[in-house]
Each structure stands twice: as structure tokens, then as C-alpha cells.
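Q: Can you read through this structure? Questions will come right after.
Every read-out reported here was derived from the displayed coordinates using simple, explicitly stated rules and does not represent laboratory data. Remember, predicted model here, so these are calculated numbers, not experimental data. Please note: Cβ atoms are built from the backbone with ideal geometry, for glycine as well, and neighbour counts cover all protein chains shown.
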Amino acid sequence: MFVDSTRIYVKAGDGGNGAVSFHREKFVAAGGPDGGDGGKGGDIIVRIDDNLNTLIDLRLKRKFIAQNGDNGKPGKMYGKSAENMIVKVPRGTLIKEAESGLIIKDMSDGEDFVLCQGGKGGWGNRHFATPTRQIPNFAKQGIPGEEYHVILELKLIADVGLLGFPNVGKSTLLSVVSAARPKIANYHFTTLEPNLGVISVEAEKSFVMADIPGIIEGASEGLGLGHKFLRHVERCRLLVHIVDVSGIEGRDPVEDLEIINNELKNFSPILAECPQIIAANKIDAVSDRVLADKLKKHAEMLEIPYFEMSAAAHIGTRELMYYVYDRLAELPPVKTYESEFTQLETNFIDKSDYSIKITKNDGIFFIEGAWLLRIMRSVNFDDNESLQYFQRVLRNSGVIKKLVAEDIQEGDTVSIYDFEFEYFS
């Protein structure tokens, strides 16, 4: 079963909590705090698996939750960090944030991608010992791991897309020029899912071609199978538009050509500008060249390269593939989608809920808030401009005002997850 879109929930592991412990050993006086730090939570890592060509496994399993890090232990012993969780997807899968639809990552480059970072482990109480605070009886909790609802959308990666009405010979052509073996039968909608084939014109000269299921009029509005599969031609660098000129089904090839091109335009104006080649198929079955000549004249008017062939009889297919290869050499590489992650960070923040929790322990003001944690993950505290932005957020969201209400004083320590600073008004 071919599945090219699904929604999943992913959550990285939480960091382990720091330990509160004091060194106790015979004949050792004033051993002091020795609570160890918590371990890091497991990441959610997305990895390309070229053996996959569908998202069906991810439709069957919709939740991916990594393990939490272990808590810290006495004797300055760190908690064990959790194992990362690997989510495998086909090459060409887009990862989108579910609510906004913004692109997080295009899984096309072969590199692993950390979708959710595991939370850092909390500090043990040994970190809080100072000359004036020699027996800190508190430690930091681990930071929660990131969590998202995401949509995975597969857009096949192919250099060439085969377009045309059902039963015009797309699958036959792919089977003739490659090792692909799509289902072929003499009825409409034989092809129910995209098929990929590698075409080798010569040694070390090859390209990938996709057979897209038949598109009909109204496909861009959801009719037939076209709406479901039009997304798979968006990456293609070149489109080969196959048209039946035999007249066996009583269709007008020029009208068929214009209908499909109009559906491309309605679906994506950018896709409609993709370079095309017109391939007049079933030329061996032509008894009257009226339809073929009409299509050829129309192609010349549109200034689109025109080829005549018969996929079933292996006529003209080799010449077409050589031309396709030479044309691809002149075109830009396969399209990849840029990440919109910067915009995504602010999108995650619910500005209607700036709720925080402030607790005071041994002179330190601890602040927690889910929205605040997301802000902190996008702030570079080594960059002055980024730090100033973070300070403005604290003031505009009312965090500073709430600290004042808690009677914070000049020079008091403020701790926000793994970031500490001294308060100055």
C-alpha cells in the first residue's frame, strides 16, 4: 500500500533530575554536597532509508517517544544518558509542523536530522555550593525534551516525471526504458501509485524517471487520483507529456495536452513553468496522421520539443531518452525545500499563555514555563543581540514584574532551566 502523507507525534526524552546528596565517610569531616547531575534525554533522529518508498509504517505507529535520562546519583555520579530514537523515512520526505504547515526539514540530503532534542540533565546540589551556601539541600530538575506534532509528506525525488491521461502508455514506456516493472493493463487507472525507474542511456549516464498515476480533468480539485499524486511531480526537473495520437479512444490530443497543463497550473503555477517534452505515443497504430500532425503543429506553436514514438513497439524510445538526458544536463538540480525553522520557533509560542512557576530555594529564584523553554532553545546566550532579545521577552511577558512581586532583590540569583544570571533592575 502506497502512503505518502501521515501525521505523527514525536517527543524527545526528558533530562534526569540532579541528585541531592552529601558525602558521608568515616573519618572525613564536612564532606559537603556530592549530588551528581542527571543524564541527557534521548533525541528523536530522522534518518533516510533508501529501501523505503512509502510512509505506511509510520501510519501504523503514530507516536515516537524517546527514553528519559537517568537521575543523578550520590558520589558525584552522573545519571546515564538515554539512547536516541531513530525514525526512518523514504528519501524526499518533508517534515512539517502540523499546526502551521511550516517546513522543518526536507529529508533529501542523506544526513540524519535531530527533530527533537533530548532535555539536558539537571544539576546536582554540588553545583550550588558557595562559601555562603555550604549545604545546599536542593538540585535542578532535568529539562523536558522537545515535542512536536508533525506531518510527514513524501515528495518523490525524480529527475523526470511522466504525465498524461490514464492509459496513454506511461507505464509501458517506463518498463521499456528501465528495469522497473509497473503493472500494465489496457484499462484506465491501472497505475494506482507512482513508480520510479532508473534510465541508463550509457555507462555512467543515467537519470531517474517517475511514472505518475493518470491525471484527469479536475485533478487539481481532487478528482480522480491526480490530486493525491500531483505533489510527486513538484521536484521534477523535466516533464515528459505523453499523448495518445492513435485516435483509438476518440480523444483529441491537443485538448488532452491543454487539460493536463491547466491542471498543473491550477495545482502549482511554478510547476506549470517546468520544462516539458511532448511525446506522441502509439504512432504505430496511426492510420491517419491528422491527429499527430495537429499535435505536432501545436507543439511547434508552444515551442515545446516534440517526439513521436511507440512504447509498446520500442519505436523512438531510445532517441527520446537520449534527448531527455541531454536536456537534463542543461537544467538546475532536483529541487529541495528550505527549512522554515526560524519562523517555526515563534509559531510554537502561545502568546496568550505566558504562565510561569516561580519557586525560591535558598536565595535562588527558579523559573519554569513551557513557552519560556522554547524561547530559550532559540536564543544564543553568547550573542549580545540575542541576549538583549531574551531580556525584552522577560520584561514584555511580565516575568520581571512577577519576580519583583516575589520580593527579588538586587544581586539575587535567577535560574531559568540551564541559564543563571544575577538580577539587576
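Q: If the only charges are +1 at each Lys and Arg Cβ and -1 at each Asp and Glu Cβ, what is the size of the charge dipole of the stretch 348-425 around the Cα centre, to the nearest 20 debye?
A: 420
Q: What does the charge count near Arg59 come to, summing +1 for each Lys or Arg and -1 for each Asp or Glu among other residues with Cβ under 13 Å from its Cβ?
A: +1
Q: Taking the stretch 1-65, which trypsin sites (Lys or Arg not before Pro) meet the DSSP loop condition and have no more than 11 other C-beta atoms within 10 Å?
A: Filter output for the stretch 1-65: Arg24, Lys26, Lys61.
Q: Does the stretch 1-154 classify as rounded, prolate or oblate by the C-alpha gyration tensor (a ≥ b ≥ c root eigenvalues; a/c under 1.5 gives rounded; else a/b over b/c gives prolate, otherwise oblate)?
A: Prolate, since a/c reaches 1.5 and a/b exceeds b/c.
Q: How far, in nm, would the chain grow between Ser268 and Asp362 when pulled straight, counting 0.36 nm per residue and subtracting the alpha carbon separation?
A: Additional length available on full extension: 27.8 nm.
Q: Just grab the label-to-label distance for Ser355 and Ser206, each label 7 Å out from Cα along the Cβ direction, in nm (one decimal).
A: 5.7
Q: What order, most packed first, do the peptides 414-422, 194-202, 155-163, 122-130 have when packing is the mean number of other Cβ atoms within 10 Å of each residue?
A: Answer by packing, highest mean first, reads 155-163, 122-130, 194-202, 414-422.
Q: Could you tally the net charge around Phe22, taking each other residue with its Cβ under 12 Å from the Cβ of Phe22, Lys/Arg +1 and Asp/Glu -1?
A: +1
Q: Run the dipole for the chain about the Cα centre, Lys and Arg Cβ at +1, Asp and Glu Cβ at -1, nothing else charged, and hand back the magnitude in debye, nearest 20.
A: 1420
Q: Then there is this: With the cut-off at 1.5 for a/c, could you classify the chain from its C-alpha gyration tensor as rounded, prolate or oblate?
A: Note, shape of the chain comes out prolate.
Q: Using DSSP to call loops (not H, G, I, E or B), can you name the GluC sites (Glu not before Pro) in the stretch 57-126 whose Cβ has at most 14 other Cβ atoms within 10 angstrom?
A: Filter output for the stretch 57-126: Glu83, Glu99, Glu111.
Q: Let me ask something additional. Using a cut-off of 10 Å between beta-carbons, work out the net charge of the residues near Ala12 (Lys and Arg +1, Asp and Glu -1, Ala12 not included).
A: Charge balance near Ala12 sits at -2.
Q: Among Phe307, Leu58, Leu163, flag the residue with its Cα farthest along the positive direction of the charge dipole of the chain, charges on Cβ as +1 for Lys/Arg and -1 for Asp/Glu.
A: Comparing the listed Cα positions along the dipole, Leu58 ranks first.
Q: Please give the calculated 222 nm ellipticity per residue for the chain, where each DSSP H segment of at least 4 residues contributes -39500 (n - 2.57) and the sum is spread over every residue; nearest 500 deg cm²/dmol?
A: -6000 deg cm²/dmol
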